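Take a look at the structure set out below.
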Amino acid sequence: MNSTKAPIRQAIAELPFSKIRAVSRLGMAMPDVIPLWFGEGDVPTPPFIVDAAKASLDRGHTFYETNKGVPDLVEELARYQTRLYRREIGRERLTVNASGMNALIIAMQAIVDPGTNVVVVNPVWPNCRETVKIMGGEVRDVTLDAKDGRFHLDLDKLFDATDAKTRAVFINSPGNLTGWMMPAEQQRDVLDFCRKRGIWIISDEVYARIVYDRQAAPSFLEFAEPDDAVIVVNSFSKAWTMTGWRLGWLTAPVGLSDTFEKLNEFNISGPTSFVQRAGSVAIRDGEPFVASLIARYAQARDMVVQRLGAMKRVRLYRPEAAFYAFFEVEGMSDSLTYCQQLLTTAKVGLAPGAAFGLGGEGKIRLCFAATLPKLAQALDRLEPVLDR
Ligand SMILES: Cc1ncc(COP(=O)(O)O)c(C=O)c1O
C-alpha cells in the first residue's frame, strides 16, 4: 500500500501479489513442509558451469559489457539454435537478457502501447499477463480446452479474440502449468494469421528442452522468416538449472536488433559479465547434462502421473512437457485456500491454480522437478487427503 501522498501509476498499484507466494510465504514459516510450489528443481547448477563463472571472475570479467550480450555467448546461442532448429538463426537476431522474465518485459516494452491489447493463451504463468498490464495494455484471455485429459487450443477462439488494437498474441509452449505443447501445424496457422494482420507473436519457449519424446518442443524458430514479427523468449533457468543466475535471451527479427540494444541499455545496461561466460559454457558443453536432467524428470513424471492419477479425488491432465502436474480435486473450488490448508493437513506446498489466470481456478499445480524420494514422500503425504 502506498502510504505517501505522491501517487504511483495506477496500472502498477493494481498489480496483484502472486498467489503462489501467498502459499509459499505461509509454508516457509512452517517446519517440515515439502515445497513443490515453485517452478524449479532441487538440482544445483552443475560444477562445469559454476567453474566457468569462477574462472571468468578470476580473469577479471567484472566490468560493463556490450548491451546485446558478450560475443562468445551470442555466438554459442546462434550455433545452438541453428543446430537445434536445423535452420540458420543469425547472431544479429539475438539479445542476451538478465533472465527470461527480463526478456518478457523487454518484449512488451517494445510492442505494447496503452490502449492496445495482447491476446494471451491461458492458463499461464501469471508474470506473462502482468507484463502486458505494466505497459498499460489490456490482456485478452483465451483458454485452452481440456479434452480426454489433454489440452487443446481452439484457433478460432484465438483469432476471434484479436481486433484492430491487438499488438500481439502471447503463447507459452510448452506451457507452465499445463505442460501443453503447441503442435507445429498450429504454430504455422497462427503465423499466417498474424502475418496478414500485422500482429506480433511473442512465443515464450523457456521450457523448449523440458520434453520427453523429442529433443525440443516445436518452435516458431523452425519456420519463421528472419523478418517475421516473431519474438521468442528463452532462459537458462530450466534446462541448465540456473534459476538464480538470472540469464535468458530473446530471438527477434533482424530489424529489431537496435531496439533491443536500446532497451537493454535502459533496463539493465547489459547482463552480468561473468554470468554470461558461464552461460556460454552451459550452451557449449551442456547437452549431456540436459539429457541426464530430462531422464530424471521423465522418471519423476511417470511416478507422479501414476500415483497422483490413481488418487480417487484427483483428475490429472497428462503433462506432455515441462515439469508440472496440473490437476483438479473433486469438491474443491477455492484453490488458494485449499493449498494453504494442505500445508497443515499434508505438509506439502503446492501452487493454487487461481494464480494462473482464466482456466486455472479449481485446479492445483505440483512441480515434479524434485528427487524421487522427496516426491514419493510428498505423494505419501497427499494420499490420505486426496485418495478417499
Ligand atoms: C512460462 C515462463 N516464462 C518465463 C519464465 C522466466 O524464467 P526466468 O526468469 O527464470 O528465466 C518462467 C519461469 O518460471 C516461466 O515459467
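The values are calculated or read from the model by the stated rules, or taken from the named source; none is laboratory data. Please read all numbers here as calculations on a predicted model, not as lab measurements. Glycine gets a Cβ as well: all are built from the backbone with ideal geometry, and neighbour counts include every protein chain shown.
State yes or no: is Lys133 over 20 Å from the mean Cα position of the chain (by Cα), touching a residue at least 12 places away in the same chain (Cβ under 8 Å) and outside any loop (DSSP other than H, G, I, E, B)? If you could, list the steps in order and put the result at the bottom.
Working: over 20 Å from the mean Cα position of the chain (by Cα): no; touching a residue at least 12 places away in the same chain (Cβ under 8 Å): yes; outside any loop (DSSP other than H, G, I, E, B): yes.
So Lys133 does not fit the description; no.
Restricting the range 302-325 to residues that are part of a strand (DSSP E or B) and more than 18 Å from the chain's Cα centre (by Cα) leaves a set whose member that is surrounded by the fewest Cβ atoms within 10 Å (Cβ to Cβ) is Arg315.
Out of all the residues in the range 79-105, which are part of a helix (DSSP H, G or I), in contact with a strand residue (DSSP E or B) (Cβ under 6 Å, 6 or more places away or on another chain) and within 12 Å of the ligand (Cβ to nearest atom)?
Within the range 79-105, the subset part of a helix (DSSP H, G or I) is 79-84, 91-93, 100-105.
Okay, now just the ones that are also in contact with a strand residue (DSSP E or B) (Cβ under 6 Å, 6 or more places away or on another chain), so 93, 100, 103-104.
Gly100, Ala103, Leu104, listed by residue number.
The residues in the range 326-352 that are touching a Pro at 6+ places or on another chain (Cβ under 6 Å) and assigned to a strand (DSSP E or B) can be counted, and the count is 1. Does Ala164 meet the test of being more than 14 Å from the ligand (Cβ to nearest atom), surrounded by fewer than 22 Cβ atoms within 10 Å (Cβ to Cβ), part of a loop (DSSP other than H, G, I, E, B) and under 18 Å from the mean Cα position of the chain (by Cα)? So Ala164 does not fit the description; no. Restricting the first member to the range 201-230 and to residues that are touching a residue at least 40 places away in the same chain (Cβ under 8 Å), and the second to residues that are within 15 Å of the ligand (Cβ to nearest atom) and of a type in the set (Val, Ile, Thr), the beta-carbon pairs closer than 6 Å and six or more apart or on different chains are Ile202/Ile231; Asp204/Val233; Ala217/Val211; Leu221/Val232.
Each row is one residue, and each column tells you yes or no for (1) surrounded by 22 or more Cβ atoms within 10 Å (Cβ to Cβ); (2) farther than 25 Å from Glu185 by Cβ; (3) among the aliphatic types (A, V, I, L, M).
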residue: Leu84; (1), (2), (3): no, no, yes
residue: Leu94; (1), (2), (3): yes, yes, yes
residue: Leu104; (1), (2), (3): yes, yes, yes
residue: Ala110; (1), (2), (3): no, yes, yes
residue: Pro114; (1), (2), (3): no, yes, no
residue: Val121; (1), (2), (3): yes, no, yes
residue: Pro126; (1), (2), (3): no, yes, no
residue: Gly136; (1), (2), (3): no, yes, no
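Just to be sure, is Arg214 modelled with pLDDT of 95 or more and either crowded, with 22+ Cβ neighbours inside 10 Å or assigned to a helix (DSSP H, G or I) (or both)? Judged against the criteria, Arg214 is not a match.
Being in a loop (DSSP other than H, G, I, E, B), more than 15 Å from the ligand (Cβ to nearest atom) and within 12 Å of Met181 (Cα to Cα): is that true of Pro226 here?
no
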